[in-house]
Amino acid sequence: MREPTLTLTLAAADAAQTRAIGAQLAAALLAADPAEPLLVALSGELGAGKTTLVGGLLAALGHPGPVRSPTYSLIEPYRLAGRDIHHCDLYRLRDPDELEDLGLRDLLTARSVLLVEWPERAGDRLRPPDLALQLEYAAQGRVIAVTAGSVAGLAVLERLRLEPA
Ligand SMILES: Nc1ncnc2c1ncn2[C@@H]1O[C@H](COP(=O)(O)OP(=O)(O)OP(=O)(O)O)[C@@H](O)[C@H]1O
Ligand SMILES: [Mg+2]
């Protein structure tokens, strides 16, 4: 069977809109079957807005206050809305082998959502994501492309498509 692919492209004129897209994604994620862990990859160059989007997502799920960028801890766990959310930033991963020590793959269990910045650093140590977000600089703010990589991801994407910002 061919992998399902569908891309939704969203524009974010400013940081508030990036956060709003994160909040929309939160609602779409909650509609997904919690038994299936979801891996969400966030790609884009430095300062593209990955952490900003995650901040909007976590706030929408009830996280009070600012989001700590897991630049040094690499993983920041949250328990929100009945889900185990792990916000990861692999920018400082020196070698994909380090992922084994981090136990990232073990975090892909029921009720978990993994949000991974700089997933490229993991090489092939991380399975293909259910949803791949690509954030890019645009003349006005950013453009965010969301691509489904699995049936579960496709279901989330459909939700996102039905409720545009
Ligand atoms: N749509 C947007 N338009 C303009 N600025 C934005 C937009 N979204 C986010 N920003 C701003 O971009 C800056 C960098 O954002 P952020 O830290 O989220 O990037 P990042 O992709 O996580 O970077 P890094 O790779 O370093 O982790 C912040 O100042 C944020 O407010
Ligand atoms: Mg970041």
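A short reminder: the numbers here are calculations on the coordinates, not readings from a lab. Remember, it's a predicted structure, so these values are computed and weren't measured experimentally. For neighbour counting, all protein chains shown are included, and Cβ atoms are generated from backbone atoms with ideal geometry for every residue, glycine included.
Quick check: net charge around residue 121, other residues with Cβ under 10 Å of its Cβ, Lys/Arg +1 and Asp/Glu -1? Result for the neighbourhood of residue 121: -2. Using only the Cα atoms of the chain, build the gyration tensor, take square roots of its eigenvalues as a ≥ b ≥ c, and label the shape rounded, prolate or oblate: rounded if a/c is under 1.5, else prolate if a/b is larger than b/c, else oblate. Rounded.
Dipole orientation for the stretch 16-165: of the candidates 60, 144, 88, 60 has the Cα lying most toward the positive pole (charges on Cβ; Lys, Arg +1; Asp, Glu -1). Each of 47, 71, 11 was scored by the projection of its Cα onto the charge dipole of the stretch 1-123, and the greatest displacement toward the positive side belongs to 11; charges sit on the C-beta of Lys, Arg, Asp and Glu.
Bridge orientation summary for the stretch 18-165: considering DSSP beta bridges with both residues in this region, about 45 percent are antiparallel. Here the gap between residue 27 and residue 101, fully extended at 0.36 nm per residue and compared with their Cα-Cα distance, gives a gain of 23.5 nm. Rounded to the nearest 20 debye, the dipole size of the chain about its Cα centre is 400 debye, using +1 on the Cβ of Lys and Arg and -1 on the Cβ of Asp and Glu.
Applying 1/(1 + (r/R0)^6) with R0 = 22 Å to the Cβ-Cβ distance of residue 94 and residue 45 gives a FRET efficiency near 0.70.
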